[in-house]
1. Let me know the number of lysine pairs in the chain closer than 22 Å at the Cα, not counting same-chain pairs under 8 apart.
2. From the C-alpha gyration tensor of the chain, pull out the three semi-axes of the equivalent ellipsoid (sqrt of 5λ each), sorted largest to smallest, in whole Å.
3. Report ³J(HN,Hα) in whole Hz for each residue of the range 44-51, in order, from the Karplus equation J = 6.51 cos²θ - 1.76 cosθ + 1.60 where θ = phi - 60°; Gly and Pro get x.
4. At 1.4 Å probe size, with every protein chain present, just tell me what the per residue accessible area of the chain comes to in Å².
5. For the chain, which whole-number percentage of the solvent-accessible area (1.4 Å probe, protein heavy atoms only) is attributable to carbon and sulfur atoms?
6. Can you tell me, using C-alpha contacts under 8 Å and at least 6 residues apart, the relative contact order of the chain as a whole percent?
7. Using a Gaussian network model of the chain with C-alpha springs under 10 Å, which one of L149, L88, L141 is most mobile by mean-square fluctuation?
Amino acid sequence: MCIRDSDEVERERLEKSVAVINAVYGAPARLAALAADIVAHWETRRQRIRPLLDGPGKALIVGATRQICADLYDQLVALRPDWHSEALDGGAVKVVYSGTASDTGPIRAHVRRESENQVIKQRLRDPDDPLEIVIVKDMMLTGYDSPPLHTLYLDRPMKGALLMQTLSRVNRTFRG
């Protein structure tokens, strides 16, 4: 077997793995239940944290695939339509992940230039910005600091250094 064949076999294995994850973690009924749980938890949490932070703070949701991130966004805004905004500087929830020109459908709706993702990252750092929740797959899990970020929803398997670095995203001192 040549290197090209082994690369093709590996690519096919990864595609099958992603398809299984999307089928299990991304099942519509599961995502609807997850979205309902996140909305209920977040609305309670931000009210409880408001007196301590002088604001609601921020949350990060980590999804297993870009498809799941996009579909979870749709489920969240179905429950809270006022959280959605097409504008880069509007809305209470955004999705941030990398993409390609070949992306289509719900995934494509959240693919942005890096400069646009930087705007969202800055909004997440700003405690006075109405952006409260960002959904990610891999981005912003390491090397990103947002002091108002206090809640992390993990919806994918993680281990080792990546898990520890991800957990450290919400382990920051902020306003006392």
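The values are calculated or read from the model by the stated rules, or taken from the named source; none is laboratory data. Note that the structure is predicted; figures quoted are calculated from it, not measured. Accessible surface areas use protein heavy atoms only, side chains included; no ligands, DNA or RNA. Shrake-Rupley method; radii C 1.70, N 1.55, O 1.52, S 1.80 Å.
1. Taking the chain as the scope, the lysine pair count is 9.
2. Values: eigenvalues 173, 64, 53 Å².
Square roots of five times the eigenvalues give 29, 18, 16 Å.
3. 6, 4, 5, 6, 5, 7, 3, x
4. Working: 9540 Å² over 176 residues.
About 54 Å² of surface per residue is accessible.
5. Details: 5240 of 9540 Å².
Of the solvent-accessible surface of the chain, carbon and sulfur hold 55 percent.
6. Working: 228 pairs, mean separation 44.7, N = 176.
With pairs under 8 Å counted, the relative contact order is 25 percent.
7. L88
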